[in-house]
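*Asks:* So that we are looking at the same thing, I have put the structure below in structure tokens.
What follows draws every value from the coordinates through simple rules; no lab data is involved. Keep in mind the model is a prediction, meaning the values are calculated, not measured. With ideal geometry, Cβ positions are generated from the backbone for all residues, glycine too; neighbour counts draw on all protein chains shown.
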Amino acid sequence: MYIPTLIKRLTMILSVFKSIKYRLLIISLLPTLIISTFLFQLLLQENENVYDANYSLEAVTLFNALDNVAHNFAVERGLTAGFIASKGRSGKDKLLSQRQKSDQAEQILRSFTPLYLDKQLINALLSDIIQQLNHKSTIRSQV
């Protein structure tokens with residue numbers, strides 16, 4: 001009894017494939033699945049490309065902030081040397097203006113918050129710089 005029932009079920013399943021409607025459905029499903037798989041892979045790859053671009057942009061932003069701090073404090077150091085050499089008679093306005101620029105560059109660096117770069121690594125790299133910048137007012141008061 002079991003074998004005839006199995007044969008009946010098998011013939012019913014195979015009879016589905018005799019219908020043109022179901023044949024077309026099965027034939028169209030395979031390319032659709034393949035295309036969907038490729039689209040999903042493409043989406044994952046593009047997502048990775050966006051992440052890499054944001055990572056690079058953030059690194060460039062950090063390097064730019066570091067460069068601005070180094071540049072502005074170097075200019076301030078030069079103007080300070082000129083001010084001291086003139087015994088305080090010239091260059092005070094330029095020095096004060098440059099100090100504001102240096103402070104702005106410092107503030108930009110301090111406010112940098114990594115979203116894509118490793119936060120612990122960035123904090124470790126910036127900790128020495130921030131520590132040196134914390135002594136800025138002491139050094140400036142000596143001028």
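*Asks:* Determine, for Ile7, Ile129, the number of other Cβ atoms within 10 Å of each Cβ, and report the residues in order from fewest to most. List each step's numbers first, then the result.
*Replies:* Values: Ile7 10, Ile129 15.
Final ranking by Cβ density, sparse to dense: Ile7, Ile129.
*Asks:* Right, next: Pairing the Cα long axis of helix 2-16 with the longest principal axis of the chain, what angle in degrees results, from 0 to 90 and rounded to the nearest 10?
*Replies:* 60 degrees
*Asks:* Related question: Explain nothing, just compute: Karplus ³J(HN,Hα) = 6.51 cos²θ - 1.76 cosθ + 1.60, θ = phi - 60°, for every residue of segment 100-113 in order, whole Hz, x for Gly and Pro.
*Replies:* 5, 5, 5, 5, 5, 4, 5, 5, 5, 5, 5, 8, 5, 10
*Asks:* Calculate for the chain the 222 nm mean residue ellipticity that helices alone would give, adding -39,500 (n - 2.57) per DSSP H run of length 4 or more and normalising by residue count, nearest 500 deg cm²/dmol. The partial results should precede the final answer.
*Replies:* Numbers: 5 runs with 121 residues, N = 143.
My calculation for the chain gives -30000 deg cm²/dmol from helical runs alone.
*Asks:* Per residue of segment 62-76, what does 6.51 cos²θ - 1.76 cosθ + 1.60 with θ = phi - 60° give for ³J(HN,Hα)? Whole Hz please, x for Gly and Pro, Karplus curve as stated.
*Replies:* Values per residue, Gly and Pro as x: 5, 4, 5, 5, 5, 5, 5, 5, 4, 5, 5, 6, 5, 5, 4 Hz.
*Asks:* Which of Glu76, Glu48 comes first, and how do the rest follow, when ranked by fewest Cβ neighbours within 10 Å?
*Replies:* Values: Glu76 24, Glu48 10.
Result, fewest neighbours first: Glu48, Glu76.
*Asks:* Which ³J(HN,Hα) values, rounded to whole Hz and listed in residue order, are derived for segment 28-34 from phi using the Karplus coefficients 6.51, -1.76 and 1.60 in 6.51 cos²θ - 1.76 cosθ + 1.60 with θ = phi - 60°, glycine and proline given as x?
*Replies:* Listing the rounded values in order: 7, 5, 4, x, 5, 5, 5 Hz.
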